[in-house]
Structure formats: C-alpha cells, structure tokens
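K.L.:
Structure below; questions to follow.
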Amino acid sequence: MKAIVIGSGIAGLSAAIALRKAGLQVVLYERAPVLTEVGAGISLWANALRALDAIGAGAAVRERLQPLRVSEFRGDEGRTIAASFPASTLENALGYQPVLGMIHRADLVDALASDLPAGTARYGFDVTVVRDTGTHVEVAFANGHRDVADLVIGADGIHSKIRALLGDASPPRYAGYTCVRGVTAMPSGYLAEWWGRGSRVGITTLRDRRVYCWATINAPPTQRIDDMRAWLSERFGGWADPVPELMTTTPDGAFLQNDIVDRAPTRHWYRGRCLLIGDAAHPTTPNLGQGGCLAIEDAACLWQLFAQSNTLDDIFSAFVARRYARTTAITRDSDRLGRIGQWSGWTACWWRDAIIRRILPRIGVQELLKHARHVE
C-alpha cells in the first residue's frame, strides 16, 4: 500500500516514519524548496516522547532535547505566583523521564527527517489537485508533477490546503492575542511563565545554553509591528528581570510574530481515501504546550491502526474515534488557560494570581500530568 503525505512539519515527518514502520510505501511532498521549520522552541511532554519511542524516532530526538528541571509562575513585577515543581516530583508521579523537555523546532524537524531514507521527502511540490477515484487518489502539483497512491495524509498545518481541497476552506478562529517568539542565550534547565495584565512571557531553555522566550499580547488580528525590539522594550521594560533583558538581547531578526488561532473541534477529518492529522485536523492554541505532541501521537496511532491490517475506512474511522476526545479536551483546556492568562483587568488579574497561588501547590502535579500521562 502506498501513502502520499503532504507537509514536512512535525506531523508529516512523524506520520511518514510511522507509516513506513507499518509497512507502507511512503512519499512525502512539501511545498517549501528545502527542509525548513519556521519557529523557535517547542515542548515535548512524556506523552509525545512515548509516541516517538513507539514509532522508532525517540532516540534521535532525545539527543537534542533539553530536559527541564524547574518550573514556576511569576508576576510581571517578579514575585512568585506559584512555587516551582521539581522535575523529580513529576517524574516520580509518572514513572517516566523526562516528563517534559524543550527542543528547537528546527532541531526536532531535522531529527525526524534523519529517520527517513533519502528520497522519501521531496521539496518544492505545491499541491493543487487531490482527486479520489474510489480505488486510489491522484495528486497534482503546481510544477506539473503527478502522483498516485492508495491514500493521502494531509499534514500541512492549520492553513491546510488539503483541508480546503476536501471541502473546508473556513478560516481559523482568532484567540484575541498575538505571540512574539525568539531565541537567545541563558543558563539551562529552566521553565517559567510570567503573567501580567493582557500579556504573558514564557522563558524556557534549550540545549547549548540557548533560551526560548515568547510573549503574548492582546491585540487586534493581523496587527504587525515594524520595529519589534523597540515595541517589546516599551511594552515589557517595566517588568522584573530577566524579562526586559531578554527582550533587548534577542538578536535582530530573531523575533517571529504569529497571531494565536485554533479551530472549533470537528470530527470531519477524513473523506474517502484522504485523512487530516495534526494542525490540519485539530489545531490548538499553544498554552498547554501540546500541539506538536498531539501531532506525534497521531502518527503513533496511525502506526498501530495500519499494523492491524484493517480496511482503509475502518482505519480512518477508528483514528477519529480514538483521537477526537483527546484532542478536543486539549483544545478546550488550552483555550481556557490562554483566556485566563490574557485577562487585563487589575481586579481580575489580582484574583487570578491569588487563586493560582493557593490551588497550584495542591493540584499542580495532577494538572501538569493530566495530559502527559496519555499513552497512544
């Protein structure tokens, strides 16, 4: 059986690895001219690491992973909102190490790509037509190339062209805030979120003494900032150290800005011989750090289902049945956490921080592990 995978991001590469392990012939097409990943850091929780181990890609990723040892919540003036949980506490509760690690997106994509034989991924192929004949799928590309397969996996992100070609061209929904991300230098093993009024800052370390920082700011959709460094310095200059320092020391051109969006959950992930996975199927806001993890889980689920040698319709319907509740819960919880984190009223933020300070020491481990315990 032959599969065409569209998209060479985390979802597409993971799916290609998983399907090959299940015995399928796989060709991966990507519209970008070369292997690349626009982004900064990404979190991999234990659920994603287990899924990577299941499809045989865990070792390559772990070599580039920075395990996180300390995490905390702080206010914009630097006070601790909630005490940190040592990684050992979480690892003892879960029985798995590490529970959480950080990796640069480019490193993750490169590690996944290294697990595929040369020639599996083909770059510079922008899909224009997907035609399901009932017995096979024909795919045409802007460069004139055509290919035929038994199935197509759409792993081309939240603005998925495959999703549109299957009949859903609706736009994503805007969460109400934009996000600026960058990478600079800082000691390792640290994770923190700093919550202000209408804005948050995340600080987490990668390997090689790099730090991934992000900032979310309530803003109208599609607002673009020309002088990012000056704008961030003005917005966060009054916050406690090291936030202002990070905003001013991140190299010019290293900032990326993306509006935070997701989609209302739906079960319409497949039609005929075409299936959507990852952000093409169930995009989520990044507040729980589980978006990439869900894409990797999708790949592990496909490996299990195809290894059972069921019919294609049975596999696709079983995939939706197994993944819908899980992805919907994370989409809902992530959206809720983001909305609370972006509150801007002084009174609302005071009560928010006071409640977090009181309840997190009691229920924090359970909440942190709720999604990380999942085994696909």
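The values are calculated or read from the model by the stated rules, or taken from the named source; none is laboratory data. A quick note: this is a predicted structure, and the numbers were derived from the prediction, not measured. Glycine gets a Cβ as well: all are built from the backbone with ideal geometry, and neighbour counts include every protein chain shown.
K.L.:
Which condition from (1) outside any helix (DSSP H, G or I); (2) of a type outside the set (Lys, Arg); (3) crowded, with 18+ Cβ neighbours inside 10 Å is the one that Gly338 breaks?
P.N.:
(1)
K.L.:
Kindly indicate whether Tyr190 is of a type outside the set (Gly, Ala, Ser), surrounded by 22 or more Cβ atoms within 10 Å (Cβ to Cβ) and either at pLDDT below 90 or in contact with a Leu (Cβ under 9 Å, 6 or more places away or on another chain) (or both).
P.N.:
Here the answer is no, as Tyr190 does not meet what is asked.
K.L.:
Let me ask something else about it. Hey, among Arg207, Arg163, Arg200, Arg173, which residue is closer than 17 Å to Pro67 by Cα and in contact (Cβ under 8 Å) with a residue 60 or more places away in the chain?
P.N.:
The conditions single out Arg207.
K.L.:
Then there is this: Take Thr120 and decide whether it is among the β-branched types (Val, Ile, Thr) and at pLDDT 95 or above.
P.N.:
yes
K.L.:
Mind listing just one residue for me: the one in the stretch 166-183 that is farther than 28 Å from Ala254 by Cβ and either among the acidic types (Asp, Glu) or surrounded by fewer than 20 Cβ atoms within 10 Å (Cβ to Cβ) (or both) and, of those, farthest from the chain's Cα centre (by Cα)?
P.N.:
The selected residue is Gly167.
K.L.:
Answer yes or no: is there a residue in the stretch 141-151 that is surrounded by fewer than 22 Cβ atoms within 10 Å (Cβ to Cβ), assigned to a strand (DSSP E or B), among the aromatic types (Phe, Trp, Tyr) and in contact (Cβ under 8 Å) with a residue 60 or more places away in the chain.
P.N.:
The answer is yes; a qualifying residue exists.
K.L.:
Still on this structure, I have one more. For Arg207, which of the numbered conditions (1) at pLDDT below 90; (2) closer than 19 Å to Gly292 by Cα; (3) buried (at least 19 other Cβ atoms within 10 Å of the Cβ) fails to hold?
P.N.:
For Arg207, the exception is condition (3).
K.L.:
Can you pull out the residues in the stretch 113-130 that are outside any loop (DSSP other than H, G, I, E, B) and either loosely packed, with under 15 Cβ neighbours inside 10 Å or in contact with a Phe, Trp or Tyr (Cβ under 7 Å, 6 or more places away or on another chain) (or both)?
P.N.:
Across the stretch 113-130, the qualifying residues are Arg122, Tyr123, Val127, Thr128, Val129.
K.L.:
Of everything in the stretch 210-230, what is touching a residue at least 24 places away in the same chain (Cβ under 8 Å) and over 12 Å from Ile260 (Cβ atoms)? Give them in sequence order.
P.N.:
Correct list: Arg210, Val211, Tyr212, Cys213, Thr222, Gln223, Arg224, Ile225, Met228, Arg229.
K.L.:
So which of Pro283, Pro265 is part of a loop (DSSP other than H, G, I, E, B), touching a residue at least 24 places away in the same chain (Cβ under 8 Å) and buried (at least 19 other Cβ atoms within 10 Å of the Cβ)?
P.N.:
That would be Pro283, the only listed residue that is part of a loop (DSSP other than H, G, I, E, B), touching a residue at least 24 places away in the same chain (Cβ under 8 Å) and buried (at least 19 other Cβ atoms within 10 Å of the Cβ).
K.L.:
Scan Leu275, Leu302 and give me the residue that is part of a strand (DSSP E or B), in contact (Cβ under 8 Å) with a residue 60 or more places away in the chain and under 24 Å from Asp150 (Cβ atoms).
P.N.:
Just a single option satisfies the conditions, and that option is Leu275.
K.L.:
Is one or more of the residues making up the stretch 55-73 out of contact with any strand residue (DSSP E or B) (no Cβ under 6 Å at 6 or more places or on another chain), at pLDDT 90 or above and among the acidic types (Asp, Glu)?
P.N.:
yes
K.L.:
Give all pairs with beta carbons closer than 6 Å in which a residue from the stretch 118-135 that is free of Cβ contacts under 8 Å to residues at least 24 places away in the same chain and farther than 19 Å from Ile10 by Cβ meets a residue that is of a type in the set (Gly, Ala, Ser) and part of a strand (DSSP E or B); count only pairs at least 6 apart in sequence or on separate chains.
P.N.:
From residues that are free of Cβ contacts under 8 Å to residues at least 24 places away in the same chain and farther than 19 Å from Ile10 by Cβ, the pairs are Thr128/Ala140.
K.L.:
Same structure, new question: Confirm whether Arg224 is surrounded by 15 or more Cβ atoms within 10 Å (Cβ to Cβ) and either in contact with a Ser or Thr (Cβ under 9 Å, 6 or more places away or on another chain) or not aromatic (Phe, Trp, Tyr) (or both).
P.N.:
When the stated conditions are applied, Arg224 does not pass them.
K.L.:
Among the residues of the stretch 241-254, write down those that are in a loop (DSSP other than H, G, I, E, B), surrounded by 14 or more Cβ atoms within 10 Å (Cβ to Cβ) and modelled with pLDDT of 85 or more.
P.N.:
Across the stretch 241-254, the qualifying residue is only Pro242.
K.L.:
Can Ala48 be described as aliphatic (A, V, I, L, M), more than 19 Å from the chain's Cα centre (by Cα) and in a helix (DSSP H, G or I)?
P.N.:
It is false that Ala48 is aliphatic (A, V, I, L, M), more than 19 Å from the chain's Cα centre (by Cα) and in a helix (DSSP H, G or I).
K.L.:
Whether any residue in the stretch 23-32 is touching a Phe, Trp or Tyr at 6+ places or on another chain (Cβ under 7 Å), at pLDDT below 95 and among the aliphatic types (A, V, I, L, M) is what I want to check.
P.N.:
Yes, the stretch 23-32 has at least one match.
K.L.:
Within the stretch 5-38, work out how many residues are buried (at least 23 other Cβ atoms within 10 Å of the Cβ), of a type outside the set (A, V, I, L, M) and not in a loop (DSSP other than H, G, I, E, B).
P.N.:
Final tally of qualifying residues: 4.
K.L.:
Then there is this: Asp353 versus (1) within 17 Å of the chain's Cα centre (by Cα); (2) crowded, with 16+ Cβ neighbours inside 10 Å: which is the lone unmet condition?
P.N.:
With respect to (1) within 17 Å of the chain's Cα centre (by Cα); (2) crowded, with 16+ Cβ neighbours inside 10 Å, Asp353 is out only on (1).
K.L.:
Another question about this same structure. Restricting attention to the stretch 216-232, report how many residues are of a type in the set (Gly, Ala, Ser) and at pLDDT 90 or above.
P.N.:
Looking only at that region, the number is 1.
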